[in-house]
Amino acid sequence: MNNNQVQLIELKVKNFRSFYSEQILTFSDDDVNARQVTAIFGANASGKSNTARALWVLQKMVRESANANSRPFYDPFMFQISAPNEPSELSVKFNHNGKIFIYAFACDQNQIVFEELK
């Protein structure tokens with residue numbers, strides 16, 4: 001792995017778009033090294049595009065969360081009556097230069113309620 005390569009190991013999503021309960025998408029067989037290829041397939045409206053959207057939101061948060069004018073991207077699951085009162089939670093685990101990092105955050109429509117990098 002070169003110094004600029006990041007390997008995606010795992011994505012967790014909860015109360016975001018078409019996902020209400022926590023969903024975990026694993027891109028690794030050993031929790032350290034990403035597979036060469038992972039295919040995501042399913043029926044129409046099964047969450048494929050929302051998985052990509054979750055990765056986009058995570059990238060946006062990494063780039064913009066320190067900006068005082070940044071607003072969270074809150075798009076909760078709409079077919080559960082309690083969902084709009086609960087935070088959306090997104091997490092990504094990745095390998096960078098042989099070190100494993102986890103970036104996670106939770107937000108509601110007004111603010112980031114939790115954010116960590118470990």
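The values are calculated or read from the model by the stated rules, or taken from the named source; none is laboratory data. Here the structure is a predicted model, which is why all the values come from computation and not from measurement. So basically every Cβ, Gly included, is an ideal-geometry build from the backbone, and we count neighbours across all protein chains shown. What goes into the accessible areas is simple: the full protein's heavy atoms, side chains included, and nothing from ligands, DNA or RNA. Shrake-Rupley method; radii C 1.70, N 1.55, O 1.52, S 1.80 Å.
Can you tell me which residues in the range 31-54 are of a type in the set (A, V, I, L, M) and closer than 15 Å to ILE9 by Cα?
Residues satisfying the conditions are VAL32, ALA34, VAL37, ALA39, ILE40, ALA52, ALA54.
Looking at the range 9-63, which of its residues are part of a strand (DSSP E or B) and open to solvent by 70 Å² or more (accessible area, probe 1.4 Å)?
LYS14, GLN23, ILE24
The rows are residues; the columns are (1) within 22 Å of ALA52 (Cα to Cα); (2) part of a loop (DSSP other than H, G, I, E, B); (3) over 12 Å from the mean Cα position of the chain (by Cα).
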site	(1), (2), (3)
PHE79	yes, yes, yes
VAL92	yes, no, no
PHE101	yes, no, yes
PHE105	yes, no, no
ASN110	no, yes, yes
VAL113	no, no, yes
GLU116	yes, no, yes
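Which of the following residues is of a type in the set (Gly, Ala, Ser) and touching an Asp or Glu at 6+ places or on another chain (Cβ under 9 Å): SER91, SER46, SER82?
Every option except SER91 fails the conditions.
On the basis of being at pLDDT below 95 and of a type outside the set (Gly, Ala, Ser), does ASN15 make the cut?
no
If a residue has to be more than 15 Å from SER18 (Cβ to Cβ), without any contact (Cβ under 8 Å) to a residue 60 or more places away in the chain and β-branched (Val, Ile, Thr) to count, how many in the range 28-86 make the cut?
Number satisfying all stated conditions: 4.
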